[in-house]
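Peer 1: Sharing a structure with you now.
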Amino acid sequence: MGSLFPEFTLYTGEIVRPADKNGMIVLFLSTTCRSCLDILSRLNTFGESRLNQSVVLCMQGGETEVKTMLEEQQISLPFLLYDSAQKEKFNVSVFPYLYLLSGGGLVVSKGTVRDAKDLGLRLNMDADRIPIDEREGEGA
């Protein structure tokens with residue numbers, strides 16, 4: 001913890017630099033994981049309650065499968081397709097997995113998540129550990 005989270009490219013081609021964000025939630029999910037499906041079914045609630053931070057999904061599964069699943073759940077959060085080639089970059093091999101990043105892109109918390117309830121607890125527990133950039137909204 002305390003290390004800088006790497007930049008990555010979303011499915012849309014947009015490059016995300018966590019160091020430039022005001023805190024970030026990066027959630028690794030798989031289309032074949034029962035706990036991941038539970039989290040996906042409730043994800044809009046978590047995203048709405050954490051508006052001061054970006055929420056990004058790293059989805060393991062086929063492109064069509066991932067897109068269909070997100071559409072069915074009416075999830076419009078940004079995502080990237082996660083595969084085994086990215087394992088070393090993100091150091092994630094189990095799902096669901098959560099990274100909480102501070103403003104500046106530093107990892108303040110990480111680990112596996114059991115289900116949607118556990119995710120909610122982790123987000124609430126760690127909320128005070130993610131500083132909010134007081135300069136947000138001011139002219140740079």
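The values are calculated or read from the model by the stated rules, or taken from the named source; none is laboratory data. Just so we're clear, the structure is a prediction, and the values are computed from it rather than from any experiment. All Cβ positions, even for glycine, are placed from backbone atoms using ideal geometry, and neighbour counts span all protein chains on display.
Peer 1: Within region 1-22, how many residues are more than 15 Å from residue 89 (Cβ to Cβ), of a type in the set (Gly, Ala, Ser) and in contact (Cβ under 8 Å) with a residue 40 or more places away in the chain?
Peer 2: 2
Peer 1: May I pose another question? Condition check: under 12 Å from the mean Cα position of the chain (by Cα), assigned to a helix (DSSP H, G or I) and either farther than 19 Å from residue 118 by Cα or free of Cβ contacts under 8 Å to residues at least 60 places away in the same chain (or both). Does residue 40 satisfy that?
Peer 2: Judged against the criteria, residue 40 is a match.
Peer 1: Any residue that is under 14 Å from residue 119 (Cβ atoms) and either modelled with pLDDT under 95 or under 15 Å from the mean Cα position of the chain (by Cα) (or both) - is there at least one of those in region 64-72?
Peer 2: no
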